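The values are calculated or read from the model by the stated rules, or taken from the named source; none is laboratory data. Everything numeric in this text was worked out from a predicted model, so none of it was measured. Quick reminder, even Gly has a Cβ in these numbers, built from the backbone with ideal geometry, and neighbours come from all protein chains shown.
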Amino acid sequence: MINLRKFKWIFFDFDGVVKESVSVKTDAFVKLFGSVDPQLKKKIRDHHEANGGLSRYEKIPVYLSWLGLDDSQKSLDRYAQKFSRLVRTGVIRSKWVPGVRELIVEASKDSYLFVVSATPQNELYEILEAICLTQYFEKVFGSPTPKDAALKVLVDSYKVDKSRSVMIGDSESDYMAAESNGIPFILRCTDLNKNLQSRLDCDQISNFLI
């Protein structure tokens, strides 16, 4: 087990790192468009699972295009709002990644903790409030701020010593954001990122149990 308490600045993705909520969002994307061809549903599911770190605002236009539906900003906003209603309660009720809550509480005593997620920022705040985690994080970044840009802001604002920092994520976009900012990366391994596990040269963990 990697000793995360040795880091002074810890950046967390949310879905798949704090909560086991990736499947909640997968199911919501499949349900979002109602009755569509099963092959298209599978295509949407596969795309979402392969691109876990991307915002819904990047994914929904792709799915609207595949389905031949209106992809105007108004349509995108309507589907994004519907998606938010579908997932919020499910994310809150989803299981914790084993050991993560205890780690966050303990690490916050000596380290600076942050959330960098593709979930819309307002929704992310609401979820963190509902699961009683807000007070443990110095700053929370969600979409529309890209993860690499969010990390850069935090590195500059908090004068982060990169040798004593780490980003924990479960997707390639998390890894790329950390890499572009010179932040060491830890991959949280799941059944959905086995391809990444074999491709990435970085530390890997399955859970946060000591």
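Some values worked out for this structure:
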item	result
Single unsatisfied condition, Ser75 versus (1) small (Gly, Ala, Ser); (2) in a helix (DSSP H, G or I); (3) loosely packed, with under 14 Cβ neighbours inside 10 Å	(3)
Filter result (part of a loop (DSSP other than H, G, I, E, B) and more than 17 Å from Pro146 (Cβ to Cβ)) within segment 38-70	Gly68, Leu69, Asp70
All positions within segment 12-26 that are out of contact with any Lys or Arg (no Cβ under 9 Å at 6 or more places or on another chain) and outside any loop (DSSP other than H, G, I, E, B)	Phe12, Val22, Ser23
Filter result for Ser75 (more than 15 Å from Phe11 (Cβ to Cβ) and within 16 Å of the chain's Cα centre (by Cα))	no
Matching option when the condition is modelled with pLDDT of 90 or more and small (Gly, Ala, Ser), among Ala80, Ala50	Ala80
Residue in segment 155-164 that is loosely packed, with under 14 Cβ neighbours inside 10 Å and of a type in the set (A, V, I, L, M) present	no
Members of segment 84-103 that are buried (at least 19 other Cβ atoms within 10 Å of the Cβ) and farther than 13 Å from Val24 by Cβ	Val97, Val100, Leu103
